[in-house]
Amino acid sequence: MTTSDIEFDRQHIWHPYTSMLTPLPAYKVESAKDCTLNLEGGSQLVDGMSSWWAVIHGYRNPRLDAVAHNQIDKMSHVMFGGITHQPAIDLAKRLIDLTPAALERVFIADSGSVSVEVAIKMALQFWLAQERTEKHRLLTIKGGYHGDTFKAMSVCDPVNGMHHLFSKAINSQLFADAPTLTPDDEWTEDAGDQLKRWFEQFHSELAAVILEPIVQGAGGMRFYHPAYLKLIRNLCNDYDVLLIADEIATGFGRTGKLFACEHADITPDILCVGKALTGGYMTLAATLTTKNVAETIGQGPGGGALMHGPTFMGNPLACAVAAESLAIIAEGHWQQQVHNIEKQLRKELLPLAQYESVKEARVFGAIGVLEMHEPIKVAEAQKRFIELGVWIRPFGRLLYIMPPYVITAEELRQLTYAMKDYAEN
Ligand SMILES: *Cc1c(COP(=O)(O)O)cnc(C)c1O
């Protein structure tokens, strides 16, 4: 029974970024609770990935479960065209409260990539509405990741991303060099020289800058100096360019601040959130912007409508769970939790840099990364991790974790122990 189900999966179902001919093994999870994944057959794994940054409050969180059940008993879904509902209103209020003060107009999207598309559309429509059609290009920094839809792909890292595959279908954007200074480095003024030159040269074509603040996630798990972000904010102001902050991975406390933009004390014109928004229960994202951007778009052609409206926009079930997840965030325990995780990661991961196999060990907020010299053989590594009772999913040369905020010190030790085991062998 089991073998044939796994075999069916292998033959018929695509998993993320895998080949149908030579797929990596997929493990069957039966259930999950708190920070533990229960595999079919009885193995229990401490989850180091939070299901890709999302499950911050743990699996089967009693409060999120209760809200989901309660909402199902009312309605799981209703269209958002011409209709509104309490969960969407509650969620928007929470988002406006938690995000920087100037962000007060909310588009509820159905996934991170879609929220990025919406953010870019907002920026383009903002300039269209002012008849500045020449402002249609995007500037970003190398090493980024913004999603898998086409416009989002166009601003992913040009080498790590999928540009080479789809080069004919992807428009070319402007890529500034990836920041070289980390948050621990001393800021040097010349680090911003290229950015200054590019704004000078290209500002008349630029609709927006899009970037991940401070932490570049799926593009390479790198942390950069907040002064870059501050500089880019200032350049955007000086040269009339919008700033889009993609906080889909960093939002809601992961970096030690509620939003990574706070490390540089800046407010973007447009903000994308996703991933942890529903505490990892279901897919949902949002794009927030300022009154000025929203109202300028509103004066544009075609009656000023923002031209986006997915079928499942504002899904009540997802909105209800997200509103409760943000209620938990608003209570503030995340701060101590993330602080404790960071402290333990620094203590247990940073010394692993001494191993020959490790190029660099780095920690920022509740994110721990070992960058190895050699590419990691995922199938082999994963098998070993499962023997050690942990779920860690490496990519490329990166072995990294971003555990649920509710992880215990003991569980976290299990994760860092497994990383040490890999580094040693
Ligand atoms: C995951 C991610 C996205 C894409 O979100 P999806 O929900 O997978 O579409 C975009 N930007 C960043 C920074 C992300 O981490």
| task | Quick one: in the range 353-381, of everything that is of a type in the set (Asp, Glu) and more than 23 Å from the chain's Cα centre (by Cα), which residue is nearest to Ala260 (Cα to Cα)? | result | Glu374
| note | Listed by first then second residue, the pairs whose first member lies in the range 114-132 and is in the same structural domain as His308 (by TED's automatic domain parsing), whose partner is of a type in the set (Lys, Arg) and within 16 Å of the ligand (Cβ to nearest atom), with beta carbons under 7 Å and at least 6 positions apart or on separate chains, are Glu117/Lys151; Ile120/Lys151
| query | So which residues in the range 87-126 are among the aromatic types (Phe, Trp, Tyr) and either within 16 Å of the ligand (Cβ to nearest atom) or modelled with pLDDT under 95 (or both)? | reply | Phe107
| request: Need at least 2 residues that are touching a His at 6+ places or on another chain (Cβ under 6 Å) per element, so show me which helices (runs of 4 or more DSSP H) inside the range 108-212 make the cut, counting only ones lying wholly within it. | output: 112-128
| field | Residue, nearest to the ligand (Cβ to nearest atom), within the range 127-140, restricted to residues that are open to solvent by 10 Å² or more (accessible area, probe 1.4 Å) and in contact with a strand residue (DSSP E or B) (Cβ under 6 Å, 6 or more places away or on another chain) | value | Arg137
| query | Among the candidates Arg94, Arg137, which residue alone is under 18 Å from Ala323 (Cα atoms), out of contact with any Gly (no Cβ under 7 Å at 6 or more places or on another chain) and in contact (Cβ under 8 Å) with a residue 24 or more places away in the chain? | reply | Arg94
| message | Condition check: over 28 Å from Ser325 (Cβ atoms) and open to solvent by 40 Å² or more (accessible area, probe 1.4 Å). Does Glu424 satisfy that? | response | yes
| field | Out of Arg413, Arg397, Arg384, Arg393, sole residue that is assigned by TED's automatic domain parsing to the domain that holds Leu349, more than 18 Å from the chain's Cα centre (by Cα) and within 30 Å of Ile328 (Cα to Cα) | value | Arg413
| Are any residues in the range 287-309 open to solvent by 30 Å² or more (accessible area, probe 1.4 Å) and over 17 Å from Ala92 (Cα atoms), and if so, which ones? | Asn292, Glu295, Gly298, Gln299, Pro301, Gly302, Gly303, Ala305, Leu306, Met307, His308
| remark: Residue pairs qualifying under the 6 Å Cβ cut-off, at least six apart or on distinct chains, with the first in the range 289-301 being closer than 16 Å to Val118 by Cβ and the second being part of a helix (DSSP H, G or I) and aromatic (Phe, Trp, Tyr), are Val293/Phe126; Thr296/Phe126; Ile297/Phe126
| task | Look at Ala152 and say whether it is within 16 Å of the ligand (Cβ to nearest atom), at negative phi, in contact with a helix residue (DSSP H, G or I) (Cβ under 7 Å, 6 or more places away or on another chain) and not aromatic (Phe, Trp, Tyr). | result | yes
| remark: Those residues of the range 190-236 which are surrounded by fewer than 22 Cβ atoms within 10 Å (Cβ to Cβ), touching a residue at least 60 places away in the same chain (Cβ under 8 Å) and polar (S, T, N, Q) amount to Ser204
| message | Checking Gly251 against (1) under 30 Å from His69 (Cα atoms); (2) within 13 Å of the ligand (Cβ to nearest atom); (3) touching a residue at least 40 places away in the same chain (Cβ under 8 Å); (4) part of a loop (DSSP other than H, G, I, E, B): exactly one of these is not met. Which one? | response | (3)
| request: Kindly indicate the residue of the range 254-298 that is more than 19 Å from Trp53 (Cβ to Cβ) and of a type in the set (A, V, I, L, M, F, W, C) and also nearest to the ligand (Cβ to nearest atom) among those meeting that condition. | output: Ile270
| the range 359-377: number of residues that are open to solvent by less than 30 Å² (accessible area, probe 1.4 Å) and on the phi < 0 side of the Ramachandran plot | 12
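The values are calculated or read from the model by the stated rules, or taken from the named source; none is laboratory data. In this text the structure is predicted, and so the values were computed from the model without any measurement. Because the Cβ atoms are built from the backbone with ideal geometry, glycine has one as well, and the counts that use them run over all protein chains shown. Surface accessibility is based on the protein's heavy atoms, side chains included, excluding ligands, DNA and RNA. Shrake-Rupley method; radii C 1.70, N 1.55, O 1.52, S 1.80 Å.
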